[in-house]
Amino acid sequence: RALPEWLWAHGKWKVHYFPEVRFQLNQKRSFLTKIEPVRTGTRIVIRLSNWLGDVVMSLPIIRALRNARPDMQFLIMGRSIFLPLLKQFELGEEFIRTDNKSLKNYLNVLLEARSKMPECHLLFTNSFRGDIESLIVGSPQRLGMEFSDRYRPFLSHSFKVGKTDFNSQHLTKTWEQMINEFGFLGKVTFEPFILKKPEEKKKNQLKIGIALGSSNNPSKQWPINCWIEFIRLINDHFRGCVLNIFGMNSDIENSKLIIEECKNVEIINYCGKTSLTELAEQFTHCDALIGCDSGAVHLASAVGLPTLTIFGPTNKTVTCPCFDTKSIEYLSHSRSTT
């Protein structure tokens, strides 16, 4: 009577080998610890996107997969700046850097991942480099999304999507359809990730965050003169509010220009001074965040901060913040006026 249970527990039935049931966990799982599942089974590699906004939009998918497969060990592969954030959100067991400057070190990292013999490799990238990585890592199943006009020969199985369908719904929804294609039967939820309770603020003091930049597409950035006028309007309407400016090193000069032009406004400049985990923590001290379509706005939404996103050339249907927080999207038709 114990033999079928033993065979299933040790993977001898190969019940999850087929890609159409890869993310499905059958009902018979009595071998798992009831209180706290022990992830000692199949290893899966998750290849993150290369931009913060896309990484954050993939977090509900990764969380849903972890809930669906409590036996799986998740090896998270991506740029080193993203990995501490995924670790803080407890979305992986191991973390693999893909931005080694030395080609030799880069290959050694991939070969080390190969030595762990992962059975599945899920790619959120649509790049040739990511496909080559998956081939080197050597998982027998390499799963990803494939546009109708682009062939990805190094994937073992793909979810095909047309450009029209892709542009008509949110990216996270498209990724949900992808994992449904590979057997996911659960529900993708959009509750924010809860960080530690923020410190007490002064009573009635309003803190507003301003996210200036967009590192992957400068055309999405709002002009400096618009930010200056907008900040003055905020200060006129909310007397005594504090503005926190966030951005990368490339935004430092613009932040200095804003501070110089808004001398009567209390502004704290965090540009170039925070890691992603520190940025997420800073967001918990704010009451709202205003920014262009950027990774910072998506991260703020992920930790439960209300956001106002200023859209320009990008499609807000596809890339608006997806978490269950108060979110407003504003389409700026002209980059030269407010």
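Loop-resident trypsin sites (Lys or Arg not before Pro) (DSSP state other than H, G, I, E or B) in region 114-163 with no more than 15 further Cβ atoms inside 10 Å of their Cβ: LYS116, ARG150. Fully extending the segment from PHE154 to ASN67 would add 28.5 nm, taking 0.36 nm per residue of separation and subtracting the current Cα-Cα distance.
Taking each DSSP H run with n ≥ 4 as -39500 (n - 2.57) and averaging over every residue of the chain yields -9500 deg cm²/dmol at 222 nm. Take every Cα pair under 8 Å whose residues are at least 6 apart in sequence, average their separation, divide by the length of region 70-196, and the relative contact order is 14 percent. To the nearest Å, what is the center-to-center distance of region 230-306 and region 47-89, using C-alpha atoms only? Their Cα centres are 25 Å away from one another. The ellipsoid equivalent to the alpha-carbon distribution of region 242-338 has semi-axes of 21, 18, 12 angstrom, derived from the gyration tensor eigenvalues as √(5λ) and listed largest first.
Residues SER255, SER275, sorted by accessible area with the largest first, give SER275, SER255 [1.4 Å probe; ligands and nucleic acids excluded].
Within the accessible area of region 253-338, the carbon and sulfur atoms contribute 50%, probe 1.4 Å, all protein chains present.
Taking a 32 Å limit on the Cα-Cα distance, which of the listed pairs LYS220/LYS326; LYS101/LYS173; LYS256/LYS326; LYS101/LYS207; LYS116/LYS187; LYS160/LYS273 fall beyond it?
Pairs exceeding the cut-off: LYS101/LYS173; LYS101/LYS207; LYS160/LYS273.
For the chain, the convex hull drawn through the C-alpha positions has a volume of 143 cubic angstrom per residue. At the residue level, ARG39 shows approximately 60 square angstrom of accessible surface with a 1.4 angstrom probe and all protein chains present. Dipole magnitude for the chain: computed about the Cα centre from +1 point charges on Lys and Arg Cβ and -1 point charges on Asp and Glu Cβ, it is near 860 debye. The simple spin-label model puts a point 7 Å past each Cα toward its Cβ; for HIS237 and SER80 those points are separated by 4.2 nm.
Once the chain from LEU308 to GLN169 is taken as fully extended at 0.36 nm per residue, the excess over their C-alpha distance is 48.1 nm.
Accessible surface of ILE132, taken over heavy atoms with a 1.4 Å probe and every protein chain present, rounds to 50 Å².
The values are calculated or read from the model by the stated rules, or taken from the named source; none is laboratory data. Note that the coordinates shown come from a computational prediction; the quantities given were computed from them, not determined experimentally. When we count neighbours, we look across all protein chains shown, and the Cβ atoms used for this are built from the backbone with ideal geometry, even at glycine. Please note that ligands, DNA and RNA were not included when accessible areas were found on the heavy atoms of the full protein model with its side chains. Shrake-Rupley method; radii C 1.70, N 1.55, O 1.52, S 1.80 Å.
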